[in-house]
Amino acid sequence: MAILASGSGSNAANFMAYYRDHPCISVSLVVSNNASAYVLERAREAGIPTAVLPGPMWEDSRAVLSLFDRHRVTAIVLAGYMRLLPPYFIRKYPNRIFNIHPALLPDFGGKGMYGMHVHRAVINAGVTRSGITIHLVNERYDEGPILFQATLEVQPEDTPETLATKVQKLEHKHYPKTVENHLLKNHTPV
C-alpha cells in the first residue's frame, strides 16, 4: 500500500508499525504534497521509499500512475492528506482508497472540514458524541461509503484540542485494523 500524508504523519507512522511484519500487507511508498512534511522523515527512518507530488504534478496522470505502479501499489491510505484526488486516480484504485475523518460523517464533513476545523465545529455545535469515520474515497470530500465508525462522548469541558487528542487515540486504534479487515475480506493483495 501507499500512504499519502501532508503533515507530521502520526497515522502514517502507526500504519508503518502495524504492517511492518504483516504476512500479506506492506507499506511500499509514502507520498506527500508537502516537501517539508515530517511524514517523509518518518518513512525514511522506517526504510520506506518516499515521493513528493505537489499539486500541479497530479495533472500528469501517466507520471503519477507510473510512480505508484513502480512501487507495486494496489491500495492507498490517506493519513491527513490535504488534497482532493483526481478522478483518474480514484478510477485506478476503485474501493481501495481509504480515508479517516475525525468526526462522525455525514456531519462535520466536506471541503474545509479537517483537523482542528472539525473539532471546533463539533464543540461549537454542542453535540454530545463525536468520533471517527473510516470510509472509502470517491470524487467528493467525505462522501465515500462508510466502513467503520467509533464514537466517544464530548464532555462539557472539552476544547478542540482535548477532543483532537481523544479522537486521535481512536484513529490509531481502529484505522490500520479496519483497512486490514477490508483488504483481507475482499482478497486484495497489497
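The values are calculated or read from the model by the stated rules, or taken from the named source; none is laboratory data. If you're wondering where the values come from, they're calculated on a predicted model, not measured in any experiment. All Cβ positions, even for glycine, are placed from backbone atoms using ideal geometry, and neighbour counts span all protein chains on display.
What the table below lists for this structure:
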item	result
The one condition in (1) modelled with pLDDT of 95 or more; (2) out of contact with any strand residue (DSSP E or B) (no Cβ under 8 Å at 6 or more places or on another chain) that residue 134 fails to fulfil	(2)
So residue 178, is it in a helix (DSSP H, G or I), closer than 30 Å to residue 91 by Cα and either modelled with pLDDT of 95 or more or not small (Gly, Ala, Ser) (or both)	yes
Meets criteria (over 30 Å from residue 162 (Cα atoms) and of a type in the set (A, V, I, L, M, F, W, C)) for residue 108	no
Cβ-Cβ under 8 Å pairs, at least 6 apart or on other chains, the range 60-84 side closer than 25 Å to residue 134 by Cβ and polar (S, T, N, Q), far side part of a loop (DSSP other than H, G, I, E, B) and modelled with pLDDT under 95	74/188; 74/189; 74/190
Subset tally (residues that are loosely packed, with under 13 Cβ neighbours inside 10 Å and in a loop (DSSP other than H, G, I, E, B)) for the range 107-158	9
Counted residues, the range 97-136 - those being under 20 Å from residue 174 (Cβ atoms) and in contact with a Leu (Cβ under 8 Å, 6 or more places away or on another chain)	14
Test for residue 101: is it under 22 Å from residue 19 (Cα atoms), in contact with an Asp or Glu (Cβ under 6 Å, 6 or more places away or on another chain) and surrounded by 15 or more Cβ atoms within 10 Å (Cβ to Cβ)	yes
Count - residues of the range 173-185 that are crowded, with 19+ Cβ neighbours inside 10 Å and touching a helix residue (DSSP H, G or I) at 6+ places or on another chain (Cβ under 9 Å)	3
Scan of the range 37-94 for residues that are surrounded by 15 or more Cβ atoms within 10 Å (Cβ to Cβ), of a type outside the set (A, V, I, L, M) and in contact with a Pro (Cβ under 8 Å, 6 or more places away or on another chain), ordered by number	58, 71, 74
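Okay, residues lined up against (1) at pLDDT below 95; (2) on the phi > 0 side of the Ramachandran plot; (3) aromatic (Phe, Trp, Tyr):
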site: 19; (1), (2), (3): no, no, yes
site: 50; (1), (2), (3): no, no, no
site: 55; (1), (2), (3): yes, no, no
site: 59; (1), (2), (3): no, no, no
site: 62; (1), (2), (3): no, no, no
site: 75; (1), (2), (3): no, no, no
site: 84; (1), (2), (3): yes, no, no
site: 91; (1), (2), (3): no, no, no
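Per-residue answers, yes or no, for (1) of a type in the set (Gly, Ala, Ser); (2) more than 15 Å from the chain's Cα centre (by Cα):
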| residue | (1), (2) |
| --- | --- |
| 65 | no, yes |
| 69 | no, yes |
| 75 | yes, no |
| 82 | no, no |
| 119 | no, yes |
| 129 | no, yes |
| 146 | no, no |
| 152 | no, yes |
| 161 | no, yes |
